[in-house]
1. Ranked highest first by average number of other Cβ atoms within 10 Å, how do 383-392, 332-341 line up?
2. In whole angstrom, note down how far apart the Cα centers of region 289-358 and region 442-485 are.
3. Quote the FRET efficiency, to the nearest 0.05, computed for Asn82 versus Ala292 with a Förster distance R0 of 56 Å and r equal to the Cβ-Cβ distance.
4. Summarise the accessible area of region 13-84 (1.4 Å probe, protein heavy atoms) by the percent that is carbon and sulfur.
5. Taking a temperature of 25 °C and a viscosity of 0.890 mPa s, what whole-number D in µm²/s does Stokes-Einstein yield for region 162-280 with Rh from Kirkwood over alpha carbon pairs?
6. Considering amide H positions built from the backbone, and no H for Pro or chain starts, which residues 5 or more places from Val317, or on another chain, come under 5 Å of its amide H?
7. So between Asn434 and Asn328, what do we pick up on full extension, going 0.36 nm a residue minus the alpha carbon distance?
8. For the chain, count the residues as N, evaluate 2.2 N^0.38 Å, and divide the Cα radius of gyration by that value, please.
Amino acid sequence: MSDAAEPADTSVDIGRRAAGRAESRMLIDGELVAAVSGAQFENISPATGSLLGYTASADSQDMERAIGAARRAFDETDWSTNRGLRKRCLEQLQAAIEAERDDLGEELIAEVGCPVVTTQSAQLDWPLAGALRYPAGLIDTFEWERRLDGGGLFGERNVRTVVNEPVGVVGAITPSNFPIEVILNKLGPALATGNTVVLKPDPNTPWNATRLGRIVAERTDIPAGVLNVVPTVSNDVAGLLGTDPRVDMISFTGSTAVGKLLMRQGADTMKRMFLELGGKSVAIVLEDANPAAVVGAAVGVCVHAGQACAATTRMLVHKSLFDDAVANITAAYQAVPVGDPVQPETLVGPVISAAQKGRVLAAIAGARSEGAEISTGGGVVDGLPEHLTGGHYVAPTVVVGVDNSAAIAQQEVFGPVLIVLPFENDDDAVRIANDSAYGLAGAVISRSHERGMDVARRIRTGSFGVNGGMFYGADAPFGGYKNSGVGRQCGIEGFQQYLETKTIAYRTPRNQ
């Protein structure tokens, strides 16, 4: 009998297991159902390019039914007013997801293509730690009502009560890059504040959402219609969330272009909007920076193949450090582990689809046409194992030799691509950093905390890290300035995002 170790799993193995456990049905009005038409769409592994399985594909009838169910659940049940029920249901949902954590982690690796190391942080473990627990805790501590005294006429006392109430029906539209993280950070506050939800997940990564629908139906007391999960490949079907007057709010995470479309679609019915959109975030390297920290920040852009809206894909380096920094970053990028996302050493897996791979390569080609130098990468990954040759891999890429006006410096690429630009002094760095249509996140590296904080306060972004400080957390608001969005996710601000405010005034005699 051989003592040889069992061969390690590959994405092929993980894909097979995920397919065997996947939920293909939608959740509409408390029932797990196929599409009325019977239509399904393919779920493709980004790592291998092979078919994982199928998911129900909603048409307009399915979406209409889901919106109607959410409307009735809000208008005709006590979900919007019964805080005790909401807290109990969120606690049930937390426990049920925790019970399926391992299966959910493998499912994310299979359909998202995310490296397993990311499931131990932002893909899964971080949102499970707080995305539901934090808003559930606020149900007991939030100031739902407050009283104001003042004014009054003719000897009577005037009392005003300020009341926080749920918005109503929320259309939640989520992306493929961190799907369960975004979903839970939307559902937590939306449900805790008493809203009902129609969730439309990204068709590239549907199973984590449909799994959640099954869990809600089978393992919680969440009333029928409070949460509906409606996957579809049709933009027209998804667009019904933006135009239907029964939907009161859109909560969207994705591209700026789609965010602007949703704003236009929702204008006629004056929908509330929370939009967490794209970014071209900056990392500023001051002349006193630790070189190791610079390389670490640069390599961070590659994690999950650069598919993070807050990734600092523009690095501004003081001119005195520029040449050495580019050389060190180039060497580091050439050594970054690229490959099967199942393997624990992998930092760079595939991008989500063949179409996205094409967009990333086109952006790099466009940079070359503008005179950029590609110090490393710039194409597909060579030498992959046979089972990955159909996957959607782009080599970690460093771009230099252009200024901040180049398309590659202004447009979000959403791939493992870093552009490095020189600057003269702190004021110049701040000017270049703010010369962007986006304002989502950023970072600064300096041996001086005070200098780093001064730079942070001058950059027009929603979140910023000083010397490795991490802003992520269920208690910390996240969102952007300018084209990076409207509103905030997480924190008190994210909780209030899903509330309307009403002031009720009444008069009583002075002695009461």
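The values are calculated or read from the model by the stated rules, or taken from the named source; none is laboratory data. Please read these numbers as outputs of a predicted model, since none were measured by experiment. Don't worry about glycine lacking a Cβ; one is built from the backbone with ideal geometry, like all the others, and counts go over all protein chains shown. We work out accessible area using only protein heavy atoms, side chains counted, and drop any ligands, DNA or RNA first. Shrake-Rupley method; radii C 1.70, N 1.55, O 1.52, S 1.80 Å.
1. Details: 383-392: 16.7, 332-341: 20.5.
In descending order of packing, they fall as 332-341, 383-392.
2. Distance between centres, Cα-based: 19 Å.
3. Working: r = 53 Å, r/R0 = 0.95.
With R0 = 56 Å, the Cβ-Cβ based efficiency is 0.55.
4. Working: 1360 of 3180 Å².
Exposed carbon and sulfur together represent 43 percent of the surface.
5. Values: Rh = 14.5 Å.
For these conditions, the coefficient is 169 µm²/s.
6. Val285, Leu421, Phe423
7. Values: separation 106, 0.36 × 106 = 38.16 nm, distance 2.61 nm.
So the extension gain works out to 35.6 nm.
8. Details: Rg = 24.3 Å, N = 512, 2.2 N^0.38 = 23.5 Å.
Scaled against compact globular proteins, the figure is 1.03.
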